[in-house]
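Here's the structure, in structure tokens; my notes come after.
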Amino acid sequence: MPPDWRWGLGGVYTPYRHAHEVIDSLGRSLALVTAPDPAHHAWLFAEARHLALRNHPSIPTTYHFWQQHVGSRRGPGYLRRWITGETVGERLRRSAERETVPFTLRLLRAIGSTLAYLHDSGGQHGAISPETVYFTPTGRVWLLGWQWAVPAEERPAGIAPDARWCPFVPEWGTQWQPSATADQWQLGALAFALLTGEMPMAGSTPPIRYARPDTPATVAELVDRMLAPDPANRFSSIAGMLRRIERISGTAALAFPGTEQASGEHVAVSEEDRLRWATGDDYEVLSPLGQGMYGSVWRVRDLSLEREVALKMLHPSVARNATAVARFRREAQLAAQLQHPAIVPIFAWDSKGDVNWYIMELEEEGSVADLVKRQGPRPFVEIAPQVDAVLDGLAVAHGAGIIHRDLKPENILIDRYRRWRIADFGIANALGSQVAGASGTPNFAAPEQLLGEDQGVGTDLFAVAGIVIFTLTGRVPFAGEDGRAILAAQLAGRVDLEEFPDALAAWLRRALSPEPAERFADAETMRAAWRQVVRSVSREERRGQSGFWRLVRRLGAGLRDRPRLG
């Protein structure tokens, strides 16, 4: 390992490829991709060489081929961008809900664009499946499994993807034969799985409307044609399929019906339509990121600077209140002045008609809530420096007279370097929310918020302690079906801290005190106490006295074993 590099927590094992996360000296998360079988090292090098020459947003950047040197037990391997998120397969298994038509079309566009780029250069992928398509919390799509896209003469003889995980195309029979038309069928199979929750069977796939009757006719025709048993009946190319998607997206039946009156006046019928109408000259709307009480968040491309950013649009009910909008704008201006690595920067504010929005940095790994939902409770060693940084950011904000008032896992975002960053600073304050729960959930609200009393820095510190419990265990600090039940648990001190080491339990108990005066005096004091906790827990871990931490380490190691496509 080069100086100042270290191993990360993540890893993915498949039969033909291992990917280990490494953190370089610049703090970037990279994947060291290796081949477990020495006989496949030439194949690995061919994969790295072909990937290094690719340039597409859905193909991870490849940086360097890691040669094996005398005395080194690692390598050879190549370094590329580390992809977190989850595969489409994991998403389907995790959620009982079928995906929406707009989501499916967005994914078809992203992967279809990648395949069109690949086919134009005379290549093909050959292993499009739910296990090779990754979807990040910010809506970005990545395509992996590139070892199968290596030309046949550079692959080992007799090697093929596992049919249990890679959709086999009707014309293949039992022998894998990658081609451009086969890529199209596999992409259609992915769309079928997203819309129905089941992978289609080659040669016996029913029309999609049999499996999902509410599929729009234009979308059903698209997917059914991609899945045609005879390759001659599919689209002549992926580019033709993409042109069909664009025509579908422009139809009244799917996209934005009734957006123009006879007079030419714009009539918005959906939140996305309102946003596209208001920002079309400056931003390209890519995908929704989330929705809250105050507004919706969207991943957009800044057309002037050619970068992707996050856009938060205020809900119409908020935007109609001129006083609330004015206060929100003032608070956003104050928050934009905060410069700290643990605070998401705000770039701009604008409005058009009754649409009000602001632009902030896009944090590619989603939120802490997304992380725990996706990977389960996290190990203490992983969150310790992040909590330290968040408390430092709060100290800066509180010093400027800004209190968050709505801290929760959904408002702690994670950038591509795994740093936790506070978002939505001051929104609750600007909109006059003195009662917690107005922002969505009372689970991380302090008692004074639930009671509608005055709030200060202790309100934010209470929430930080709740976020720590949630991240380490996967559960909220105080159970209850509503605000009253949660408040009763808080006032009675009914929080289970027995499973934590003594030093951490004492720190949490103080921060979660129902009396603000009994909590830490400020964020800096809480941060200093947190550092003492980290030192104490580290000593316990070294002595092996804490079974809890061994359990959490196993749960949160982030090591995924996928005996699938390699």
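The values are calculated or read from the model by the stated rules, or taken from the named source; none is laboratory data. In this text the structure is predicted, and so the values were computed from the model without any measurement. Positions of Cβ are generated from backbone atoms using ideal geometry, with glycine treated the same way; all protein chains shown enter the neighbour counts. Accessible surface is based on the protein model in full, side chains and every heavy atom, while ligands, DNA and RNA are left aside. Shrake-Rupley method; radii C 1.70, N 1.55, O 1.52, S 1.80 Å.
Can you tell me which of Asp502, Asp424, Asp482 is open to solvent by 40 Å² or more (accessible area, probe 1.4 Å), under 30 Å from the mean Cα position of the chain (by Cα) and either modelled with pLDDT of 90 or more or not aliphatic (A, V, I, L, M) (or both)?
Details: Asp502 fails: under 30 Å from the mean Cα position of the chain (by Cα); Asp424 fails: open to solvent by 40 Å² or more (accessible area, probe 1.4 Å).
Answer to the check: Asp482.
Inspect the stretch 546-555 for any residue being over 30 Å from Ala19 (Cα atoms), modelled with pLDDT under 95 and assigned to a helix (DSSP H, G or I) and give the result as yes or no.
No, the conditions are met nowhere in the stretch 546-555.
Pick out the one residue from His64, His18 that is free of Cβ contacts under 8 Å to residues at least 24 places away in the same chain, out of contact with any His (no Cβ under 9 Å at 6 or more places or on another chain) and surrounded by 15 or more Cβ atoms within 10 Å (Cβ to Cβ).
Working: His64 fails: surrounded by 15 or more Cβ atoms within 10 Å (Cβ to Cβ).
Of His64, His18, the one residue that is free of Cβ contacts under 8 Å to residues at least 24 places away in the same chain, out of contact with any His (no Cβ under 9 Å at 6 or more places or on another chain) and surrounded by 15 or more Cβ atoms within 10 Å (Cβ to Cβ) is His18.
Under 6 Å by Cβ, and 6 or more places apart or on different chains, what pairs join a residue from the stretch 269-293 that is within 15 Å of Tyr358 (Cα to Cα) with one that is part of a helix (DSSP H, G or I) and open to solvent by less than 30 Å² (accessible area, probe 1.4 Å)?
Once the first residue is within 15 Å of Tyr358 (Cα to Cα) and sits in the stretch 269-293, its partners that are part of a helix (DSSP H, G or I) and open to solvent by less than 30 Å² (accessible area, probe 1.4 Å) give Val285/Leu275.
Could you tell me whether Pro137 is closer than 29 Å to Gly197 by Cα, open to solvent by less than 10 Å² (accessible area, probe 1.4 Å) and in a loop (DSSP other than H, G, I, E, B)?
No, not satisfied.
Being in contact with a Lys or Arg (Cβ under 6 Å, 6 or more places away or on another chain) and either closer than 24 Å to Thr136 by Cα or of a type in the set (Phe, Trp, Tyr) (or both) is true for just one of Val101, Val88, Val12, Val22. Which residue is that?
Working: Val101 fails: in contact with a Lys or Arg (Cβ under 6 Å, 6 or more places away or on another chain); Val88 fails: in contact with a Lys or Arg (Cβ under 6 Å, 6 or more places away or on another chain); Val22 fails: in contact with a Lys or Arg (Cβ under 6 Å, 6 or more places away or on another chain).
The match here is Val12.
Just a yes or no: is a residue in the stretch 34-44 crowded, with 19+ Cβ neighbours inside 10 Å and in contact with a Leu (Cβ under 8 Å, 6 or more places away or on another chain)?
There is at least one residue in the stretch 34-44 that is crowded, with 19+ Cβ neighbours inside 10 Å and in contact with a Leu (Cβ under 8 Å, 6 or more places away or on another chain).
Restricting the search to the stretch 459-479, which residues are closer than 15 Å to Pro514 by Cβ and open to solvent by 10 Å² or more (accessible area, probe 1.4 Å)? Even if it seems obvious, please write down each step before you answer.
Taking the stretch 459-479 as the starting set, the residues that turn out to be closer than 15 Å to Pro514 by Cβ are 459, 461-463, 465-466, 477-478.
Answer for the stretch 459-479, where residues must be closer than 15 Å to Pro514 by Cβ and open to solvent by 10 Å² or more (accessible area, probe 1.4 Å): just Pro477.
So which residues in the stretch 45-54 are outside any helix (DSSP H, G or I) and either buried (at least 18 other Cβ atoms within 10 Å of the Cβ) or in contact with a Leu (Cβ under 7 Å, 6 or more places away or on another chain) (or both)?
Just the residues of the stretch 45-54 that are outside any helix (DSSP H, G or I), to begin with: 53-54.
The answer is Arg54, and nothing else.
Residues that are of a type outside the set (A, V, I, L, M), at least 3 per element: which helices (runs of 4 or more DSSP H) completely within the stretch 146-250 meet that?
On the way: elements: 180-196, 208-211, 217-226, 238-249.
Per the criteria, 180-196, 217-226, 238-249.
Could you grab me the full set of residues in the stretch 515-529 that are closer than 16 Å to Gly393 by Cα, in a helix (DSSP H, G or I) and either in contact with a strand residue (DSSP E or B) (Cβ under 7 Å, 6 or more places away or on another chain) or of a type in the set (Asp, Glu) (or both)?
If the condition is that a residue be closer than 16 Å to Gly393 by Cα, in a helix (DSSP H, G or I) and either in contact with a strand residue (DSSP E or B) (Cβ under 7 Å, 6 or more places away or on another chain) or of a type in the set (Asp, Glu) (or both), then Glu524 is the only one that fits.
Check the stretch 72-89 and report whether any residue there is surrounded by 15 or more Cβ atoms within 10 Å (Cβ to Cβ), in contact with a strand residue (DSSP E or B) (Cβ under 9 Å, 6 or more places away or on another chain) and free of Cβ contacts under 8 Å to residues at least 24 places away in the same chain.
Restricting attention to the stretch 72-89, the residues satisfying the condition of being surrounded by 15 or more Cβ atoms within 10 Å (Cβ to Cβ) are 75-89.
Restricting the remaining residues to those that are in contact with a strand residue (DSSP E or B) (Cβ under 9 Å, 6 or more places away or on another chain) gives 75-89.
Filter once more, keeping what is free of Cβ contacts under 8 Å to residues at least 24 places away in the same chain: none.
No: zero hits.
When you scan the stretch 104-129, how many residues do you find that are open to solvent by 10 Å² or more (accessible area, probe 1.4 Å) and either of a type outside the set (S, T, N, Q) or at pLDDT 90 or above (or both)? Lay out the reasoning, then the answer.
Taking the stretch 104-129 as the starting set, the residues that turn out to be open to solvent by 10 Å² or more (accessible area, probe 1.4 Å) are 106, 109-110, 113, 116-117, 119-124.
Pick out the ones that are also either of a type outside the set (S, T, N, Q) or at pLDDT 90 or above (or both) and you get 106, 109-110, 113, 116-117, 119-120, 122-124.
Residues in the stretch 104-129 being open to solvent by 10 Å² or more (accessible area, probe 1.4 Å) and either of a type outside the set (S, T, N, Q) or at pLDDT 90 or above (or both): 11 in total.
Mind checking which pairs have a first residue in the stretch 348-376 that is within 20 Å of Arg93 (Cα to Cα) and a second that is of a type in the set (Phe, Trp, Tyr), Cβ under 7 Å, 6 or more apart or different chains?
Close Cβ pairs satisfying both conditions: Val372/Phe470.
Exactly one of (1) touching a residue at least 60 places away in the same chain (Cβ under 8 Å); (2) open to solvent by 10 Å² or more (accessible area, probe 1.4 Å) is unmet by Gln147. Its number?
For Gln147, the exception is condition (2).
For Val372, only one of the following conditions fails: (1) closer than 26 Å to Val464 by Cβ; (2) surrounded by fewer than 16 Cβ atoms within 10 Å (Cβ to Cβ); (3) under 24 Å from the mean Cα position of the chain (by Cα). What is its number?
Single failed check for Val372: (2).
Could you tell me whether Val396 is among the hydrophobic types (A, V, I, L, M, F, W, C) and surrounded by 20 or more Cβ atoms within 10 Å (Cβ to Cβ)?
It is false that Val396 is among the hydrophobic types (A, V, I, L, M, F, W, C) and surrounded by 20 or more Cβ atoms within 10 Å (Cβ to Cβ).
Could you please find all residues in the stretch 232-256 being modelled with pLDDT of 80 or more, touching a helix residue (DSSP H, G or I) at 6+ places or on another chain (Cβ under 8 Å) and of a type in the set (Gly, Ala, Ser)?
Ser237, Ala239
Please enumerate the residues belonging to the stretch 324-358 that are open to solvent by 50 Å² or more (accessible area, probe 1.4 Å) and under 19 Å from Met293 (Cβ atoms).
Within the stretch 324-358, Arg327, Arg329, Asp354 meet the criteria.
Within the stretch 184-205, identify whether any single residue is within 22 Å of Ala48 (Cβ to Cβ), at pLDDT 90 or above, in contact with a helix residue (DSSP H, G or I) (Cβ under 6 Å, 6 or more places away or on another chain) and open to solvent by less than 40 Å² (accessible area, probe 1.4 Å), and answer yes or no.
Step one: of the stretch 184-205, the residues within 22 Å of Ala48 (Cβ to Cβ) are none.
There is no residue in the stretch 184-205 that is within 22 Å of Ala48 (Cβ to Cβ), at pLDDT 90 or above, in contact with a helix residue (DSSP H, G or I) (Cβ under 6 Å, 6 or more places away or on another chain) and open to solvent by less than 40 Å² (accessible area, probe 1.4 Å).
Which numbered condition trips up Phe168, out of (1) over 23 Å from His56 (Cα atoms); (2) surrounded by fewer than 19 Cβ atoms within 10 Å (Cβ to Cβ)?
Only one criterion in (1) over 23 Å from His56 (Cα atoms); (2) surrounded by fewer than 19 Cβ atoms within 10 Å (Cβ to Cβ) is unmet by Phe168, namely (2).
Just to check your reading of the model, which residue among Leu487, Leu451, Leu497, Leu491 is under 23 Å from Met293 (Cα atoms), over 28 Å from the mean Cα position of the chain (by Cα) and surrounded by fewer than 20 Cβ atoms within 10 Å (Cβ to Cβ)? Steps first, please.
Numbers: Leu487 fails: surrounded by fewer than 20 Cβ atoms within 10 Å (Cβ to Cβ); Leu497 fails: under 23 Å from Met293 (Cα atoms); Leu491 fails: under 23 Å from Met293 (Cα atoms).
It is Leu451.
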